[in-house]
Amino acid sequence: LKENFDYEVICVCVNCGQCINVCPTGALQEHRSIDEVMGALYDPEKHVIVQTAPAVRAALGEEFGNPIGTDVTGKMVTALRMLGFDKVFDTDTGADLTLMEEGTELIDRIRGGGVLPLITSCSPGWIKFCEHYFPDFVDNLSTCKSPQQMFGAVVKTYYAEKMGWDPKDIYMVSAIPCTAKKFEVTRPDECAAGLPDVDVAITTREVGRMIQKAGIDFRSLEDEKFDDPFAIGSGAGAIFGATGGVMEAALRYAAEVILGKKLEKVDFTEVRGTEGIKLASYKLGDLDVKVAVASSTGMAKKLLNMIRNGDEAVKDVIFIEIMGCPGGCVNGGGQPIQPAKVRMNTDLRAVRAAVLYRDDAEESLRKSQDNLAVQTLYKEFFGEPNSHKAHEILHTSYIKREIGRAHV
C-alpha cells in the first residue's frame, strides 16, 4: 500500500457526531448513557439534577412527530420531572454566566495587550479540533468553560453550599444537542469541586428515548417552568445554540462595558445566518471591533488559515466565534435525525435556529448582564467576572495534542 499511495490519512476524531446524522444505514450511533442516568434516578442517596441546553427545546419535538421548528420547552420540563429528576434547570443561565466571563476576558485582553484574536470555547468538538490541528491557536482560546461545564461547576459548589449538600451526592446530567459533550465531561481541569462538573451528558435523541420508554405521552403534556433559582435565562443565553449567537450575545455585553452606557439596540444581525463564515465590524466609541464567525470544522480550518496567511479580509479581527457543527448546536450530532428527503428540502439549521431567535425577540430580558440569577451568583459567590474565585471554578485549560497519522 505504501508504495502505491503517498498521501496521509489523519486519524483523529473530534467527537462531533456529524457522521451519525448523515449515515445512510443508521449503523453509526452515539454511546448511550441512558442506563447510567436511570441508575442514578433510582438511587435514593443522589440528588439528580438535569440542565437542558437551548438547542434541545428547539428540536426535541421532532422525536414525537412535531413539525420542525416547534418550541417544546414547557413539555420538555414536564417530561423530565415525570422521569424523576429532582431539579430541572435551564442551561441558559450557564450561557449567561459564560458570556459574562468571556466578555470580560475579551475586554481585558484588548485593554491589557493579551493574545488576540480571542476565540470562543463553547463547542467541545471545535476545541478538540483546535488542539489537534491548530495547536498554534490554543493560546487564543478563551479559558472559559462551556455553559454546560460552568453550570455543573456552579451546582456542585455554590448551589451545593446553599442547599447544605455534599457535592458527592449530586448527580449532574446535561441534556444537550451534542455528542462531543460526552467527551467534554471527561476532560481534565473540569472538576471545580474535586469531582467532574458534569457526570453525564445525554443527547436530544437520548432524552426522546427515555421519555418514550417511560410511556409518557409527550404531545399531551401541560407546560411547566424550570426550577428556581436557575429558571431565569436571557435571550442572549438562548441564541447560544445558533451559529453567531455567542458572538451576538458577547457584543451585547462588551458594547455596554466599552461605551459605559445602556445598549438600546441589541440586535447584531450581521453575525446571524447559516453562512459558513461571516465577518462584521462595529464602531464602539473609539474602538473598532472586527469580528468573525465560523461554523463547521471545515469553515474553521478555512478561517484560521486565512489568519495564518495574513489575508486582508480578516486583518485586525479581535474576536472569533467557532462552532464545530454546521449551523451551530441546533444542528449538533445529537439532534433528531431527519431522512435525506427532509434534509434536502429543509434547512434544519435555519428552521431550528428560528426557534431560539423567536425566544430572544419575545424575551424581556435580552442581555446576559441583566440576568438576576447571574447577578446573584456574583454578589453572593464569585465577586465579579474573572475574579480569582471565578477563574478557579469557571475557567479551564487546553492541551496541544499530537496528530496520529497513518500512511495508506
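The values are calculated or read from the model by the stated rules, or taken from the named source; none is laboratory data. Just so you know, these numbers come straight off a predicted model, no measurement behind them. Cβ sites come from the backbone with ideal geometry, for glycine too, and all protein chains shown count toward neighbours. Heavy atoms of the whole protein, side chains included, go into the accessibility calculation; ligands, DNA and RNA do not. Shrake-Rupley method; radii C 1.70, N 1.55, O 1.52, S 1.80 Å.
Assuming R0 = 25 Å, can you tell me the calculated FRET efficiency for the pair L259 and D108, based on Cβ-Cβ distance, to the nearest 0.05? Provide the component values of the computation, followed by the final result.
Details: r = 17 Å, r/R0 = 0.67.
Computed FRET efficiency for L259 and D108 comes out at 0.90.
How large is the Kirkwood hydrodynamic radius of region 1-138, counting all unique pairs of alpha carbons, in Å? Kindly include the intermediate steps, with their values, before the conclusion.
Working: mean 1/r = 0.0516 Å⁻¹.
Kirkwood hydrodynamic radius for region 1-138: 19.4 Å.
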Next item on the list: Could you provide, to the nearest whole Å², the per residue accessible area of region 1-156 with probe 1.4 Å?
Entry: 37
Notebook entry, point to check: Under the rule of -39500 (n - 2.57) per DSSP H run of 4 or more residues, summed and divided by the residues of the chain, what mean residue ellipticity at 222 nm is obtained, to the nearest 500 deg cm²/dmol?
Noted result: -10500 deg cm²/dmol
Check: Given labels modelled 7 Å from the Cα in the Cβ direction, how far is it in nm from K302 to M82?
Finding: 4.4
Notebook entry, point to check: Among 280-286, 186-192, 290-296, how do they line up from the highest to the lowest mean number of other beta-carbon atoms within 10 Å?
Noted result: 290-296, 186-192, 280-286
Next item on the list: Calculate the radius of gyration of the Cα atoms of region 224-344 to one decimal place, then report Dmax, the largest Cα-Cα distance, as a whole number, both in Å.
Entry: 16.6, 52
Next item on the list: Once you've got the GNM for the chain with C-alpha springs shorter than 10 Å, pick whichever of Q335, Q212, Q148 has the biggest mean-square fluctuation.
Entry: Q212
Margin query: Can you give me the convex hull volume of the Cα atoms of region 102-150, divided per residue and expressed in Å³?
Written below: 62
Next item on the list: Among the aspartates and glutamates, select those whose C-alpha is under 15 Å from the C-alpha of K182, and discard any that sit fewer than 8 residues away in the same chain.
Entry: E30, D35, E36, E190, D197, D199, E206
Checklist line | Fraction of alpha-carbon pairs over 24 Å apart in region 178-277 - percent | finding: 52
Next item on the list: Scale the Cα Rg of region 136-190 by the rule-of-thumb value 2.2 N^0.38 Å and send over the ratio, two decimals.
Entry: 1.32
Checklist line | Net dipole in debye of the chain [+1 Lys, Arg Cβ; -1 Asp, Glu Cβ; about Cα centre; nearest 20] | finding: 780
Notebook entry, point to check: Just going by the charge dipole of the chain, with Lys and Arg at +1 and Asp and Glu at -1 on Cβ, which of I258, T98, M344 is farthest out on the positive end?
Noted result: M344
Notebook entry, point to check: One-quarter of the Cα convex hull surface for region 235-295, in nm²?
Noted result: 3.9
Checklist line | Total charge dipole magnitude, region 145-292, about the Cα centre, Cβ charges on Lys, Arg, Asp, Glu only, Debye to nearest 20 | finding: 360
Margin query: Taking the alpha-carbon distance from K225 and a cut-off under 18 Å, which lysines remain once sequence neighbours fewer than 8 residues away in the same chain are dropped?
Written below: K75, K87
Check: Of the peptides 166-173, 348-355, 313-320, how do they stack up when ordered by the mean number of other Cβ atoms within 10 Å, highest first?
Finding: 348-355, 166-173, 313-320
Next item on the list: Just report the Cα centroid separation between region 100-162 and region 331-364, whole Å.
Entry: 26
Check: At a 1.4 Å probe radius, carbon and sulfur cover how many percent of the accessible area of the chain?
Finding: 51
Notebook entry, point to check: For region 282-377, with only Lys/Arg (+1) and Asp/Glu (-1) charged at the beta-carbon, what is the dipole magnitude about the Cα centre, in debye rounded to 20?
Noted result: 500
Note to self: For a 28 Å ceiling on Cα separation, which of these pairs sit above it: K181/K379; K367/K400; K168/K367; K302/K400; K128/K290; K181/K278?
What the structure shows: K181/K379; K367/K400; K168/K367
